[in-house]
1. Counting only protein chains, not ligands or nucleic acids, how are Leu28, Leu255 ordered by accessible area (probe 1.4 Å), most first?
2. Per DSSP H run of n ≥ 4, the term is -39500 (n - 2.57); total these for the chain, divide by its residue number, and report the mean residue ellipticity at 222 nm rounded to 500 deg cm²/dmol.
3. Return one whole number: the accessible area per residue of region 218-280 in Å², for a 1.4 Å probe.
4. According to the Cα gyration tensor, what semi-axes, each the square root of 5 times an eigenvalue, does the equivalent ellipsoid of the chain have, listed from largest to smallest in whole Å?
5. Could you tell me which residue out of Leu274, Val121, Tyr244 lies farthest along the dipole of the chain toward its positive end? Charges go on the beta carbon: Lys and Arg +1, Asp and Glu -1, centred on the Cα centre.
6. For region 87-229, what mean projected area does the convex hull of the alpha carbons give, in nm²?
7. Work out, in µm²/s and without decimals, the Stokes-Einstein translational diffusion coefficient of region 157-255 at 25 °C, 0.890 mPa s, Rh from Kirkwood over C-alpha pairs.
8. Which pairs in the list Lys64/Lys177; Lys120/Lys163; Lys119/Lys163; Lys119/Lys280; Lys127/Lys160; Lys200/Lys280 are over 19 Å apart, alpha-carbon to alpha-carbon?
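The values are calculated or read from the model by the stated rules, or taken from the named source; none is laboratory data. Everything numeric here is computed off the predicted structure, so don't read it as measured data. When we count neighbours, we look across all protein chains shown, and the Cβ atoms used for this are built from the backbone with ideal geometry, even at glycine. The area values use the complete protein model at the heavy-atom level, side chains included, leaving out ligands, DNA and RNA. Shrake-Rupley method; radii C 1.70, N 1.55, O 1.52, S 1.80 Å.
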Amino acid sequence: MATRRKYTSKRKKQTLISPKSFKWILGLFLLLITIVFVYQKKDVFLYYLGFKYKHATLTANQRKLEDARINDIVANHEGKIFGIDVSQYQGTIDWENLEAIEEQFEIKFVVVRATAGSKKVDRSFKKNWRNLSSTVYIQGAYHYYRPDENSTDQANNFIKNVKLRKGHLPPILDIEKMPKGQSMNKLKEGLQNWLTLVEKEYGVKPIIYTGEKYYEDFLRDDFPDYLFWIANYNPWKEKIEDDYLMWQFTEKAKLHGVNELVDVNVFNGNVEDLKKVCIK
């Protein structure tokens, strides 16, 4: 009887989980972790999305979240000073009783909106500016720039209505919107024209206020000689950047003396550093 040959199987031993299956399992696991994290932090996500809507009413939980965030940021900036900025949207301010709730921070400077566009004067500017002059706060004024209005007219609007003196902050240009009727290059020309005219009037370089993304995409490289005040309300941002003069980290603070929510800013230094920035 012939002996049957034994052949070695050419099939490779199968692993328990193929590389393709492992990737799918890992992906599903990471997705599950993400879903759990987002669910646990849903209030923070919804709150952050709500930052774009000014003067919204906060729920008790949102108020708690924001107060906790303010406390964390204050703790992260020991040795630096804090201030607020206001406009007609804050209504009548009780300057004698102005202070942070539960003394979260001490207010050292206040910036008020003076003008907007070619013709508008903030409804509360004259009253705020007059009352602010009798306080101990370092004060400043800003112009809200409207991209599709004439830059010279806008500069003249600010100059006509704002009288700055020694000890005040330099004039501030607030640019937030994209142009609709002109190119970005034309907008930058208009911004430079405003800055040049205002510097000539007051003898000091203005400060530029804008959002972080706007700053990084359009302004940082083209306006290297100017100091920047940056707004970013991201709840995970913890500290001011080295190249910021000031950081507006919330627009939803609650203060004694103000009925509406208020913007709060941290200055990148102490009081003496801020005085060095002021008009001499």
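1. Numbers: Leu28 110, Leu255 5 Å².
Largest accessible area first, the list is Leu28, Leu255.
2. So the calculated ellipticity at 222 nm is -10500 deg cm²/dmol.
3. Numbers: 2860 Å² over 63 residues.
Value returned for region 218-280: 45 Å² of accessible area per residue.
4. On the way: eigenvalues 542, 122, 58 Å².
With the √(5λ) rule applied to the chain, the semi-axes are 52, 25, 17 Å.
5. Of the candidates, Tyr244 comes out farthest on the positive side.
6. Working: hull surface 36.5 nm².
Result: a mean projected hull area of 9.1 nm².
7. Working: Rh = 14.9 Å.
Using the Kirkwood radius from Cα pairs, D works out to 165 µm²/s.
8. Working: Lys64/Lys177 31 Å; Lys120/Lys163 16 Å; Lys119/Lys163 17 Å; Lys119/Lys280 29 Å; Lys127/Lys160 16 Å; Lys200/Lys280 15 Å.
Over 19 Å Cα-Cα: Lys64/Lys177; Lys119/Lys280.
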